[in-house]
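What follows is a single structure, written as structure tokens, with notes after it.
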Amino acid sequence: MPKINGNEIRIGNVLEHNGGLWSAVKVDHVKPGKGGAFAQVEMRNLRNGSKLNERFRSADKVEKVRLEQKDQQFLYENDGMLIFMDMETYDQIELPVELLGDRRPFLQDGMTVQIEFHESEALHATVPQKVTC
């Protein structure tokens with residue numbers, strides 16, 4: 001994973017910090033009159049949704065993580081788990097309903113959903129912008 005300087009952090013970057021995966025949701029670059037410049041970064045944990053405000057100096061190094069995006073076809077729901085099939089390998093995976101949150105009512109059988117993975121762990125799912133009934 002590439003390391004980036006604290007002043008290179010941008011909104012949407014996924015960072016590995018303090019043992020967790022964090023998405024930068026707000027970044028303010030500050031250059032005070034006295035002292036070095038820094039980036040004030042508001043981050044959201046991709047695993048549990050908690051938020052963290054962190055200050056990174058320009059010289060600080062942080063791991064930038066690249067998530068793998070895969071198209072998965074929704075098959076069915078079973079006991080609070082959503083069953084998806086990889087469109088390329090036809091492997092099936094089970095993901096908790098909580099991964100979709102308030103977007104769950106829009107999920108339809110056979111719908112293609114884009115799921116972001118980090119080292120085979122599903123972190124986020126995106127349903128299509130337009131859904132037909």
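So what is the relative contact order of the chain, in percent, for Cα pairs below 8 Å that sit 6 or more residues apart? Present the calculation step by step, with values, prior to reporting the outcome.
Numbers: 269 pairs, mean separation 25.8, N = 133.
Taking the mean separation of contacting Cα pairs over the length of the chain, I get 19 percent.
I need the calculated FRET efficiency for the pair ILE93 and ASN48, taking r as the beta carbon distance and R₀ as 25 Å, to the nearest 0.05. According to the calculation, E is roughly 0.80. Taking every C-alpha pair closer than 8 Å and separated by at least 6 residues, the mean separation divided by the residue count of segment 3-65 gives a relative contact order of 40 percent. Over all pairs of different C-alpha atoms in segment 22-133, the reciprocal of the mean inverse distance, the Kirkwood hydrodynamic radius, equals 16.4 Å. Each Lys and Arg adds +1 at its Cβ and each Asp and Glu adds -1 at its Cβ; summed about the Cα centre, the chain shows a dipole of about 1120 debye.
Relative to the current alpha-carbon distance between ARG104 and ARG57, full extension at 0.36 nm per residue lengthens the span by 13.0 nm. When all alpha carbon pairs of segment 3-65 are counted in 10 Å bins from zero, the resulting P(r) reads 25, 57, 17, 2 %.
A dipole drawn for the chain from +1 and -1 charges on Cβ atoms has a positive end, and of ASN7, LEU107, ALA125 the residue lying farthest that way is ASN7.
Pairs of lysine residues in segment 3-65 that meet both criteria, 8 or more places apart or on different chains and Cα atoms under 19 Å apart, total 7.
Here, each number is a calculation from the coordinates, and none is a lab measurement. All of these numbers come straight from a predicted model, not from anything done at the bench. No Cβ is skipped: glycine too gets one built from the backbone with ideal geometry, and neighbour counts run over all protein chains shown.
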